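The values are calculated or read from the model by the stated rules, or taken from the named source; none is laboratory data. Computed from a predicted structure; not experimentally measured. All Cβ positions, even for glycine, are placed from backbone atoms using ideal geometry, and neighbour counts span all protein chains on display.
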Amino acid sequence: MDLGLSNRVALISGAAGGIGLATAHLLAGEGVKLVLTDMDPDKLKKAASDLQGEPLLIAADMTDQGEVDGLVRQAEAHFGQVDIVVHTAGVTGAKGDPLELADADYQEAWDTDFFSAVRIARAAIPAMRKRGWGRLVCITSENAVQPYWEEAVYNVAKAALAAFIKNLSYKEAAHGVLCNTVSPAFIETGMTDGMMKKRAEEKGVSFDEAVKSFLEEERPGIVQQRRGQPEEVAAAIALLVSERASFINGSNLRVDGGSVQSVQN
């Protein structure tokens, strides 16, 4: 199926690995011109070494509006425009009793998981409006609707992100700019690797045993009994940024293997 994306320009944050990198590979195969950003320039360069085409690589701190503005300006100067933004950058943040976590713990997640999306939207959407076409997809999480008690800082930031994108979608669609979210759950990335390594150490078991017990005890809705793959999330993102998704706006697409055990988003 032709997604109608050839020669579009996509800016992907968190592109040095995981969902961001998988999305870059998929979109490159569709003929999309890529602008990739992450914090670590060396890691970003290594990750992009086998990508099709000639992606523009820019290291940027998404918690700094000035750097985000500069990122978009460089992308527009290089390719002429930015049609698509895929915002995957984020952190799990501190974990523990919600009342014992420090203000700084909440602030870190707020700046990185929520406010960075506000910043990239501010920087990129005005030019999309003028051209009458654009796509913004942000990665939220199952935690936005199915929060886990020890992950309060992440839950709050991701729930706010989901609400922000829904808010944004109402007026931007009138200008041809469609805004949506994708909610993954337990995807095989560095983030969940870290979670499972910690679990394995705490329980005195192997990594694979930690994954197995986590699925059984903490994520019973994932009846496939495995972690999702970044490529499976990337496929959903590619649909949402394409011409084929021209009537999908303000939606949240779950790629969670059934982890969220409810009918409503």
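Tabulated data for the structure shown
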read-out: Those residues of region 18-47 which are touching a Pro at 6+ places or on another chain (Cβ under 9 Å) and at positive phi, in sequence order; value: GLY18
read-out: Selection count, region 200-213, where residues are at pLDDT below 95 and either aromatic (Phe, Trp, Tyr) or under 24 Å from the mean Cα position of the chain (by Cα) (or both); value: 0
read-out: In region 175-222, the residues that are in the same structural domain as GLY93 (by TED's automatic domain parsing) and of a type in the set (Lys, Arg); value: none
read-out: Filter result for ILE248 (surrounded by fewer than 19 Cβ atoms within 10 Å (Cβ to Cβ), among the β-branched types (Val, Ile, Thr) and in the same structural domain as ALA94 (by TED's automatic domain parsing)); value: yes
read-out: Members of region 84-95 that are surrounded by fewer than 24 Cβ atoms within 10 Å (Cβ to Cβ) and either over 17 Å from the mean Cα position of the chain (by Cα) or not in a loop (DSSP other than H, G, I, E, B) (or both); value: ALA94, LYS95
read-out: Unique match (being touching a residue at least 40 places away in the same chain (Cβ under 8 Å) and in contact with a Leu (Cβ under 8 Å, 6 or more places away or on another chain)) among VAL68, VAL72; value: VAL72
read-out: Count of region 178-232 residues which are touching a Phe, Trp or Tyr at 6+ places or on another chain (Cβ under 9 Å) and of a type in the set (Phe, Trp, Tyr); value: 2
read-out: Test for ALA104: is it part of a helix (DSSP H, G or I), free of Cβ contacts under 8 Å to residues at least 40 places away in the same chain and out of contact with any helix residue (DSSP H, G or I) (no Cβ under 9 Å at 6 or more places or on another chain); value: yes
read-out: Candidate set: region 224-245, residues that are part of a loop (DSSP other than H, G, I, E, B) and not polar (S, T, N, Q); chosen: the one surrounded by the most Cβ atoms within 10 Å (Cβ to Cβ); value: VAL241
read-out: Test: residue in region 148-160 that is at pLDDT 95 or above, polar (S, T, N, Q) and either over 20 Å from ALA89 (Cα atoms) or not in a helix (DSSP H, G or I) (or both); value: no
read-out: Yes/no for LYS166 being in a helix (DSSP H, G or I) and more than 18 Å from ALA89 (Cβ to Cβ); value: yes
